[in-house]
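The values are calculated or read from the model by the stated rules, or taken from the named source; none is laboratory data. Please read all numbers here as calculations on a predicted model, not as lab measurements. Methodologically, a virtual Cβ is constructed for each residue, glycine included, from the backbone with ideal geometry; neighbour enumeration extends over all protein chains shown.
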Amino acid sequence: MKTISSLSKIIIAVLLALFAAGCGRNEKTKTLFSGGVIFPDTASLATKEMMASQVVPFERQYEWQKLEMTAFIHFTVNTFTNKEWGDGTEPESVFNPTEFDAGQWVRTLQEAGMKMVIITAKHHDGFCLWPTETTEHSVKNSPWRDGKGDVLKDLRSACDRYGMKFGIYLSPWDRNAKSYGDSPEYNRFFLAQLNELLTWYGRVDEVWFDGACAEGPNGKKQEYDWEAYYGLVHTLQPDAVIAVMGEDVRWVGTESGYGRDTEWSVTALAPGGKNDMKEINGKLGLSPSSPDLGSSRILDRADRVFWYPSEVDVSIRPGWFYHPEEDNRVKSVHKLVDIYFSSVGKNSLLLLNVPPDRRGLINENDMASLKGFRSYLDSLYSVDMLKGSRPYGQGTSYAIDNDNTTSWSPEGKVSAEFAAPVSITFNVAMLQEDITKGQHVDSFTLDIRKGYEWEHLISGTTIGYKRLLRFPSVTADEVRLNIISSRGRAHISTFSLFRSPEIIADPIINRDKEGNITLLSESPYAVIKYTLDGSEPTRNSPSWLNPVALPDGGIVKCRSYINNMSDSGSTCTEIFDIAPAKWKIVKADAPAIGYEAENMIDGDIRTMYHTPWDGEIKGMPHEVTIDMGEVVTLYGFTYTPRYDENKSGTVERYSFYVSEDGIKWTNTLSPGIFDNIKNNPVKQTVMFSKPHTCRYFRFIARTSINNEKWVSIAEIGVVTMPPSVRH
Ligand code: FUL
């Protein structure tokens, strides 16, 4: 932290322009609606907005929101089979962590600032991490601790040791249970599992029901008894929130880590999985991924609203489970900080997944990123420059809460001033509403005054539980918060200003079609040091100046240095296979204009091949055949989904053939599926069970994530490096 400079008076004027005049008048008698409210049939939009602003969280939702950051642990047979979704046929014998230590997980996560740990007690493969009495498919039939181990028990006692809350993820979709699809029987089985989890391990603070299910059109159709599931949780663990396919906590709608800019915790989206709720959402055309769930435009069409706050779940690695080839792809401190500002800073709770490895430990690389993340946060929040200052001025009503943070509920158009003892330079603002009184603010701006001139600093929309804003450093004599519009009287509980430590952007590693590597930095004046032999880049490594040729593939590691080489960012790694320099498209369905087939072999993930989506179009399957121009040994292939936000045409089911002569073809694997690509559309690497010598390959897209007739491919690539070299 730099020191705070010369003494000056900081005045913060709060201008409030509440759109509904007089709405605060009855503040003391205002009715609050816990959890949600149904509008009267005749309600006008203004009435709906007012009623929506009176919706407040249930106590358990409020307690949950205050945690801000929680952790996910994805751990099961997939950890050992290297899969994202097991199919339920995995033998129990594969589950055998060699150095299992739940204490190490909880200590690491607690030190990183997480307040709860949620474990995948059972993922889609059906394997239970606790010695359940409901199935044989559990730890008790694994070699781990001779079948005497219980992951949940160890986790529970570690949570007690480190003062962490404890949550469970139980996948309704179960690919192992024989009864799955026989609805009443499976519901009984699921309730029995839930009952064990909610009674054997003490207090549970979050129950996470996943919505995923990928059984094909001919697969089993299970009707879940949500009513009974929720009822059991409420009876056995009344303080636990039920998340995602639950009624208390909403999935933000993406697994990228980035929440909405405008995030209302009061939504027209109806919570949970029950049929009446699904019907409401069907009528409004809403899903958790809809861009807008709570604006006035949506309220206008809705007949009720709910307190349904958002949870941003994201993995510290590309996948949810541990994969050794992702050891180099752990999110950097820079990325984690970015995610923090886009989740916690946008009225959401961050649920960060940190998957233990095959030893049963959180990997060293993940620990390093978490450590850096925590020290960033400590440094960011070390000095609240407005701490202790209090609003004053005519017409201001205010209160100072126990934390000595600023809390005020101005009514009408008033100005309030804050006095701080010293002048400040800052680049982060934090605002909070007291959500126990509802969410009100719809838009606001911050202004600063330097000398005699006021200037606009930044605008924002919703605040909610917490809003963080970042901007280039400013020094100001006065700061003004303008509430531009609000659903009734605002209740601002915190207004703080901080100075963020400098954080070095990750270098971006690109390779073109010919195989030339370019390294880019967003940090001005950064010097990028790199290596090509797998070693860690240091000050003494070569500096990147011009493109470096890497047509045959290899490993690029690089790192940005700033401040005369005294500070550096995280190491970024990219493993490249052979460049598509000699590749030719032999066959591909005609592209939509501007989305040529060549785009999928140009090394640029920002361009894509896309088949037409309009008019008379050819449906699935779409087939592409590529001539690599030379005979190579293939160990697998890669598919990179389109880069933009719109994921339309992303492939889900596929086949992959190879050929030496372009005439005789070999099928490399039975038709495959990119597990979880719909929610987590990252680059997919598929390894074959044995290598194939070939010059041509054929990728057949059989279905896309939303069953569209068209296909989109940003890049298609091959794996010619044996797995032993890649890790
Ligand atoms: C998804 C699942 O399918 C993923 O495997 C992961 O568990 C994620 C948190 O939720 O729906």
Exercise. Scanning segment 85-108 for residues that are more than 16 Å from the ligand (Cβ to nearest atom) and under 24 Å from the mean Cα position of the chain (by Cα), which turns out nearest to M164 (Cα to Cα)?
Worked result: V106
Exercise. When you scan segment 271-375 for helices (runs of 4 or more DSSP H) that lie fully inside it, which ones turn up with 1 or more residues that are within 16 Å of the ligand (Cβ to nearest atom) and outside the structural domain of S459 (by TED's automatic domain parsing)?
Worked result: 333-343
For this session: Specify which of the listed residues (Y162, Y186) is surrounded by fewer than 22 Cβ atoms within 10 Å (Cβ to Cβ), in contact with a Phe, Trp or Tyr (Cβ under 6 Å, 6 or more places away or on another chain) and among the hydroxyl-bearing types (S, T, Y).
Result: Y186
Problem set entry | Subset tally (residues that are on the phi < 0 side of the Ramachandran plot and in contact with a Gly (Cβ under 9 Å, 6 or more places away or on another chain)) for segment 522-560 | 12
Exercise. Has segment 139-156 got any residue that is outside any loop (DSSP other than H, G, I, E, B), crowded, with 19+ Cβ neighbours inside 10 Å and touching a Cys at 6+ places or on another chain (Cβ under 6 Å)?
Worked result: no
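Give K690, K709, K678, K664 a once-over and let me know the one that is touching a residue at least 40 places away in the same chain (Cβ under 8 Å) and surrounded by fewer than 21 Cβ atoms within 10 Å (Cβ to Cβ).
After ruling out the rest, the residue left standing is K709.
Tell me, which residue of segment 661-676 that is touching a Ser or Thr at 6+ places or on another chain (Cβ under 9 Å) and within 16 Å of the ligand (Cβ to nearest atom) is nearest to E215 (Cα to Cα)?
I673
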Exercise. Quick check: anything in segment 253-270 surrounded by fewer than 23 Cβ atoms within 10 Å (Cβ to Cβ), among the acidic types (D, E) and more than 30 Å from I509 (Cα to Cα)?
Worked result: no
Exercise. Within segment 489-499, how many residues turn out to be modelled with pLDDT of 85 or more and farther than 15 Å from R467 by Cβ?
Worked result: 1
Exercise. Any idea how many residues of segment 631-655 are in contact with a Phe, Trp or Tyr (Cβ under 9 Å, 6 or more places away or on another chain) and either surrounded by fewer than 15 Cβ atoms within 10 Å (Cβ to Cβ) or within 21 Å of I605 (Cα to Cα) (or both)?
Worked result: 11
Problem set entry | Residue check for E616: free of Cβ contacts under 8 Å to residues at least 40 places away in the same chain and part of a loop (DSSP other than H, G, I, E, B) | yes
Exercise. If we scan segment 638-659, do we find a residue that is more than 21 Å from K83 (Cα to Cα) and within 16 Å of the ligand (Cβ to nearest atom)?
Worked result: yes
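For segment 239-250, does any single residue satisfy the condition of being surrounded by fewer than 19 Cβ atoms within 10 Å (Cβ to Cβ), at pLDDT 95 or above and under 29 Å from I316 (Cα atoms)?
yes
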Exercise. From the residues in segment 113-135 that are within 16 Å of the ligand (Cβ to nearest atom) and in a loop (DSSP other than H, G, I, E, B), which one is nearest to E68 (Cα to Cα)?
Worked result: M114
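The rows are residues; the columns are (1) away from the ligand (no atom under 16 Å from the Cβ); (2) part of a strand (DSSP E or B); (3) free of Cβ contacts under 8 Å to residues at least 12 places away in the same chain.
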residue: G231; (1), (2), (3): yes, no, yes
residue: H234; (1), (2), (3): yes, no, yes
residue: A243; (1), (2), (3): no, yes, no
residue: G246; (1), (2), (3): no, no, no
residue: T254; (1), (2), (3): no, no, no
residue: G259; (1), (2), (3): no, no, no
residue: W264; (1), (2), (3): yes, no, no
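From the set of residues in segment 191-227 that are aliphatic (A, V, I, L, M) and within 16 Å of the ligand (Cβ to nearest atom), which is modelled with the lowest pLDDT?
A214
Inside segment 536-609, counting only strands (runs of 3 or more DSSP E) that do not spill past its ends, which hold 3 or more residues that are modelled with pLDDT of 95 or more, closer than 22 Å to L634 by Cα and assigned by TED's automatic domain parsing to the domain that holds V631?
584-588
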